[in-house]
Structures are given as C-alpha cells and as structure tokens.
1. Take the conditions buried (at least 24 other Cβ atoms within 10 Å of the Cβ), more than 24 Å from HIS105 (Cα to Cα) and touching a residue at least 12 places away in the same chain (Cβ under 8 Å) and apply them to LEU73. Does it pass?
2. For segment 413-433, indicate whether the set of residues that are surrounded by 20 or more Cβ atoms within 10 Å (Cβ to Cβ) and of a type in the set (A, V, I, L, M) is non-empty.
3. If a residue must be buried (at least 17 other Cβ atoms within 10 Å of the Cβ), of a type in the set (A, V, I, L, M, F, W, C) and either outside the structural domain of VAL447 (by TED's automatic domain parsing) or in contact (Cβ under 8 Å) with a residue 40 or more places away in the chain (or both), how many such residues does segment 500-533 contain?
4. Answer with yes or no whether VAL108 is β-branched (Val, Ile, Thr), in contact with a strand residue (DSSP E or B) (Cβ under 8 Å, 6 or more places away or on another chain) and within 29 Å of PRO383 (Cβ to Cβ).
5. Mind checking which residues of segment 441-457 are surrounded by fewer than 20 Cβ atoms within 10 Å (Cβ to Cβ) and farther than 26 Å from LYS497 by Cα?
6. Do we find that THR545 is of a type in the set (Ser, Thr, Tyr), modelled with pLDDT under 95 and farther than 25 Å from GLY89 by Cα in this structure?
7. Take segment 181-233 and flag every residue that is more than 16 Å from THR127 (Cβ to Cβ) and of a type in the set (A, V, I, L, M, F, W, C).
8. Quick one: ALA595 ticks every box in (1) within 23 Å of the chain's Cα centre (by Cα); (2) farther than 21 Å from ILE384 by Cβ except a single one, so which number is it?
Amino acid sequence: MEVALSTQLLTVAILSLQRQIYHNRGMNRTTWDPTYDFVIVGGGTAGSVLAGRLSENPNVKVLLLESGPPIQLTTEMLPTSFAFHYDWGYRTVRQQNAGFAFRNHSVVVNRGRILGGSHSINFAVYTRGNQHDYDSWANHYGAIGWDYRSVLPYFLRSQNQTDPKFVARNPRFHSTTGPLEVSTVPNPNPIQIRWNNALIQSGWPDGDLSDMENQYGTVIMQTTQSATNWTRQTTASAYVEANIGRPNLHVLVNSHVTRILFDNSGPKPKAIGVEFVRNQDMSQKFKVMASREVLLSAGSINTPQLMMLSGIGPRSHLEELGIPVLLDLPGVGVGLQEHQVTIMDFEVTNSSDIINVDQYNGLNVRNLYQFLLHSRGPLTGEPIAQAYVATGINGDINWPDGIVYMVVSQYAPNFDTVFANNYYDPANREAWRTYLSQYLNNNKHFVLGFSQFRPLSRGTIRLASTNPLHAPLIDPQYFSEPKDLVSTVKIAITALKVMESPLMAPYVKNTQIPIPGCERWWCIDRPLSQCYKYLKCMIQTNSYTTFHPVGSCSMGNVTSTNACVDERLRVRGINSLRIIDASVMPSVPNCNTNAPTIMIAERASDLLKYDNGLM
C-alpha cells in the first residue's frame, strides 16, 4: 500500500534532520588547543585515516583541519550527481592533446571539498591495483618498503568485506575486521549482467578486484558502502565520525590552511605548525602548533600548492611569484599523473533491461523516503560492471593497462544543464544539442567507458598566484606520450567488439550521429570498432577526469630528481613534515586510487607511531 505523500514528507524531514545532526556532532568546534602532537592538513581519504589511527593512543592529541564542511546527507547517497556542491571546481589549463570539446580545451578536475574529500563525491569504487604496481614503486623508484608483499597487510587492515562470497573464494585477499565496509552493490541492471556474461563467454575470467595477483577479468564492482543501509562509507565516516567522541581528537571543518610554519634556527628547517583561515575569510588568520609533526594530506592538487605557498618547491617558480624560498625542492608539483576516461553513449533495445535510473530526478520525496526508511531505490548506488583489458602495448595479462566499464546513468533532463555541466565549447552548442537530443530523458540510456590505466604521460601543478584560495595551475598533459592514445584506442576497440558480438548486439544500439568535432572521421561503411580515426578523435575530444590524480610530490630514493619525500614519507630537507596522500605515489596504479590512498595512510600511521616512540 502506497504511503500518503504527507507521511512520506514528514518522515523524510525527520530522518534527514537526524542524519545531519549526527554528521554535525563534534564538528561545530569554535575553539582549539594552542598545540597538538600532530596537526593533519586535509580531512580527505588519507587525513581521516590518520586522524582515526593516531588518536587511538589516548596520550596523543590530534587536530584534523578540513577546508570544507562536515559530511552531508546528499553525499551519503552514492549517485554522484548530488555531490558536486562540495567540489573545488578545478579545471586544467589548456590541453594540447585532449579536451577538444571543452572551453579552451580545459578539462574538469573533480576534487572533494568536504570531510572525506573526494571519497565523499566519487563513485566509491574499491579496487587495489596490481602487485607489479607496488613492486615497481620499490624496485624502480626506490620506495623501499612499498612493495606488494609489504603493502598487502595494510590493504587488509582497513577492509571489512561484507560479501561472504569474496571471502570464501579468496580469503587471502579479504578481511572482515577493518573499519571500512566494502560491499557488492545490490541490484545491478540486467544489461550489466548480460554484458558481464558476454565478456566471460568471450574469454574474460570472473574476477575479484581485490586480487592483486590476478586482475584480468570482469566483475560487478564493489564499493565502500554499508551493507546495512547502503549509505556511502568514507574514511571520514569510518575513522573520524566513528571516533568523534575521543577527547584527544579535535576536528575543525571549514578551516583552510594557508601556510606551514617553520623554525629556521637549526641546521634544517623544522615544521612547527600551520596558519589557517575559517570559512575562507582571509581577513583573520589563526595559528596552531604541532609538537611532533605536521602531516600534509591535502591531496595531489592542494598538497604541492601548500608546499609552494610555504616556500618549498622549484626555486625559479617561487622566485617568479615573489615567494621567499625556504627550500629549493624541484620535485614539488612535478610528475602528476591521472587516468582519463572516455564514455560512449548507448541505449538498450528493451527497457526491461534497465532499472534504477531515476538519478537526476532522484531527490524527490518518494526516493528519499525509500532510501532513508527502507535503504532501497535509485539513491542506494550506481552498480558498475568492469573488465580489465591488456592491449599488449603497455601491459600484458599479468599487468593490464586498461579498463572498460558499463554504468547505467541518465543525462540531466534538459540540454542547457548538460551543456553547462560539461563545459562544452559554445562554438559547438547546436551540434551538441543535435547529438544529445537522442539521450535526454531517455530511460534506456547507459554509457560504456574506457580508460588507459597505466599512462606514461605526466604533468605539473604550479601556482597561479600567492593567494591560497586561488586555484592552482593544473596541467596533466593528457596524451603527451603518444603511446597513451594508441593504447586507449585499442582498449576502445576491444570494448566495442564485445558490444558488436552476437552476445550483445541484439540488445543494444549505439548512436548513428558522430560527436561534434569528429564528423569528418565518421565511418558509415564499417562497425565502429573498425573506425580508428573516429575513435582517436573522440578520445581526444570528449574525455573526462577519473578522480585519480597522483604523483605530484612523489616518494623515492635520493637519486630520483622528482622524489620529494623518502620511503618514510618525510619531506626531504625538512624536519617534522610528512606528506601522506596520493601525491606521494611514484606512479599511478592501474586501479581507482582511493583504496591505495587508504593503504598509504594506514602504513604511514605505523611509521609515525614507530618514529615518534608511540608503538
């Protein structure tokens, strides 16, 4: 029996208020101690883990500073379309080899500005990467202690695997005792199951993305969600909110760090605290001291930005902006890597093959009522079917270099919203209107995505100004290495061949309209998988960020010119300052980077405890 709308509305109002009160508890702090043992800059994926682990010792005082607000109800819901109010709104500088569809060839760079960081606004996918990724960190880059055998226990320590099938199948790769729930999203769409089966029948094994030794395969991806109520689980909810009652853990939200403070009286500068502002009000600055260490966990964009604002970075760049040079460290902001993803639009021929697509219309009373009261409906998740691909160009079956995935999603209901959200070049407005008209309000729409997951291209982070609130200059230099484009095209061809096979072709159809800017390469005489120049054009024209920037303050040995931190994550040439986030990865692993970032923070917490005599 349908519950009356007025009853649903009242229930939603009460439960929403209760949820937000829960998230706000302990977050309304307006005072803080003058000194803490550890001051953590950034309450994202890594910073939240550090705050939870270091505060386990009741004799250690920890301060966590986050620029954004507490967790919000809308970020508990997995559909990402509700979360972008909590995004930094960054974009790349003009790209020479990518982003041709967008204004000034500038690609959106999604970064979370909220407790939980990008883990609060991304797809919450849980994958770990390949054993060779981590062996390469140790053997090629000199990051001793970060090889596969050494890091595996730290992946396990954070995980609470809620799906007994995975535990029974691969007990060596799963833990059920960690604070962060990892779950199999319920109710994948029939078309995704069909696609998964088509891949298996085409030779892909049925996979487990936590198995770092046997990645090659296909699977309905797991996410960090509660298997009890299907809310998003972030490190902020699992490590910070769950422990907010600890008297030695203080959290300051809406607090943006503008500068690291140093004592220069010794042979090497020593980090002794930070300066920050509240609610982005630059008229009043505050200071807080760290008696043991300052820990930078602001992420691959903001960590190098803060380092350079504090006088640590390439001398020539700092002097160009008039910043006094504390330490000439050329590797700061160098070595940035990011996965790009290209999506292709499809629709199913039978509407019964798609369910749970009411995302853009999802924040209505009925769906909120189903989510809050019954933990079901379109707000509970976005199931993603994924397969690893080995092109043979930059990866073999033991170390795949690409992924393809299928996700059922809707465009926003009207063209103007889609056009604005994707920052398309206004010069092609009408061409995009023609292309997108076939998918707007189309409840049979899904996307096929593909990405080069072991890119060679590297870019930089540089300061645009000395204002800490200004966005830095982000230049990933997508496809600057020609091999990346060649292998991405091959990944697309592999994916399309499966779509064109007898196992899939009767159930799906692709557009018959080329995307704007690639019309001249459109093939009318052959399958799309054989239309190489069009695929190349499409990839360079309409590719997006994947939330995976790494490497802008990388770790390694002293012979590496780009190594900002040593194998214990200590900033070279500075005492009592460490970087603990995705920026220290020497190379991007072939996976969604959230789980590796959690692993880094878990291991770093042990390093900190040991080096500070706390173990």
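The values are calculated or read from the model by the stated rules, or taken from the named source; none is laboratory data. Model, not experiment: these values are computed from the prediction. Virtual Cβ from ideal backbone geometry, glycine too; neighbours counted across all protein chains shown.
1. Numbers: buried (at least 24 other Cβ atoms within 10 Å of the Cβ): no; more than 24 Å from HIS105 (Cα to Cα): yes; touching a residue at least 12 places away in the same chain (Cβ under 8 Å): yes.
Answer is no for this residue.
2. The answer is no; no qualifying residue exists.
3. Matching residues across segment 500-533 total 4.
4. Values: β-branched (Val, Ile, Thr): yes; in contact with a strand residue (DSSP E or B) (Cβ under 8 Å, 6 or more places away or on another chain): yes; within 29 Å of PRO383 (Cβ to Cβ): yes.
Taking the combined requirement at face value, the residue satisfies it.
5. Matches in segment 441-457: ASN441 only.
6. Numbers: of a type in the set (Ser, Thr, Tyr): yes; modelled with pLDDT under 95: yes; farther than 25 Å from GLY89 by Cα: no.
No; evaluated as a whole, the condition is false for this residue.
7. ILE191, ILE193, TRP195, ALA198, LEU199, ILE200, ALA227, TRP230
8. (2)
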